[in-house]
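These notes concern the structure reproduced below.
The values are calculated or read from the model by the stated rules, or taken from the named source; none is laboratory data. As the structure is a prediction and not an experimental result, all values here were calculated from the model. Positions of Cβ are generated from backbone atoms using ideal geometry, with glycine treated the same way; all protein chains shown enter the neighbour counts.
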Amino acid sequence: MSLKQNNQIGSNLIGGATAVLLAIPVAAFFGSIFGDTYQARSTVYILILAWVVAGAFAIGYVSKKAPEKTTSRFFFLWVISTWLWPLLLFVYFSKRKQK
């Protein structure tokens, strides 16, 4: 059994973790703008982080067989994709239905 058998999962985990870590300051910023009380700020913060975490899982599912290697382009696409994941899932499943 080879350790290099499924290297793409490691790349997907790194991309997803990077996207979520970069979303934390963004969520805190928007929480401070849109929240007047602690409860409102924390709700905005949690909703934004939940959106990005759901996006990371969705993009991980879509790209599980992608041959992409870990590059700066890879990280950029992961960060953008975690915010736009409903559009990407729509395209993925519409292409999958056509097959």
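Computed values, structure above
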item: Search result, residues across region 40-67 that are farther than 17 Å from SER11 by Cα and either hydroxyl-bearing (Ser, Thr, Tyr) or not in a helix (DSSP H, G or I) (or both); result: SER42, THR43, TYR45
item: Complete set of residues in region 44-90 that are free of Cβ contacts under 8 Å to residues at least 24 places away in the same chain and loosely packed, with under 11 Cβ neighbours inside 10 Å; result: THR71, SER72, ARG73, LEU87, PHE90
item: Those residues of region 13-25 which are modelled with pLDDT of 90 or more and loosely packed, with under 14 Cβ neighbours inside 10 Å, in sequence order; result: LEU21, ILE24, PRO25
item: Count of region 32-70 residues which are of a type in the set (D, E, K, R) and modelled with pLDDT of 90 or more; result: 1
item: Enumeration of residues in region 68-99 that are part of a loop (DSSP other than H, G, I, E, B) and touching a Phe, Trp or Tyr at 6+ places or on another chain (Cβ under 8 Å); result: GLU68
item: Number of positions in region 15-39 that are among the polar types (S, T, N, Q), without any contact (Cβ under 8 Å) to a residue 24 or more places away in the chain and in a helix (DSSP H, G or I); result: 2
